[in-house]
Amino acid sequence: MTPLLVALGAAVGAPLRYLVDRLVQSRHDSLFPWGTFAVNVAGSFLLGLVALVGSRAGIALLGTGFCGALTTYSTFGYETVRLVQERSRLLAMLNVVASIAAGLGAAYLGTLVAQVAFGIAPL
């Protein structure tokens, strides 16, 4: 049953990642990969939330499946390398630092929201 839940979550997360990435990127005239940044930060927040309040099935569906397909480390890596190759080293460094900081911050914020919204004791 768990593999089916993961597959169902991924079936929604992957196309949503593509659509959000294209929508966000189309609104920015910049080499910076705003679309990938947006889905990774949003997915980090959701995973922080789900990790504290989800059941095993919920974590499989939303955490592993949906968030796993929504977020993308490989695209983050590729886009960072591409920025370096295009001699946009400052943007590449900004992408690395901002993505890591924002992702960790969003995950932490997700856990805080879960604690407040669901009365969970602080970690």
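Please treat every number below as a calculation from the coordinates, not as lab data. What you are looking at is a predicted structure, and each value in this text was computed from that prediction instead of being measured. Virtual Cβ from ideal backbone geometry, glycine too; neighbours counted across all protein chains shown.
Here are some notes:
- Efficiency of FRET from Cβ geometry, M1 and Y78, R₀ 30 Å, rounded to 0.05: 0.35
- The mean sequence distance of close C-alpha pairs (under 8 Å, at least 6 residues apart), as a share of the length of the chain, puts its relative contact order at 36 percent.
- Inter-part distance where the range 95-120 and the range 1-76 are each reduced to a Cα centre, Å: 14
- Angstrom value of the Kirkwood radius, inverse mean 1/r, which spans all Cα pairs in the range 43-123: 13.9
- Rounded to the nearest 10 degrees, the inclination of helix 89-118 to the longest alpha-carbon principal axis of the chain is 20 degrees.
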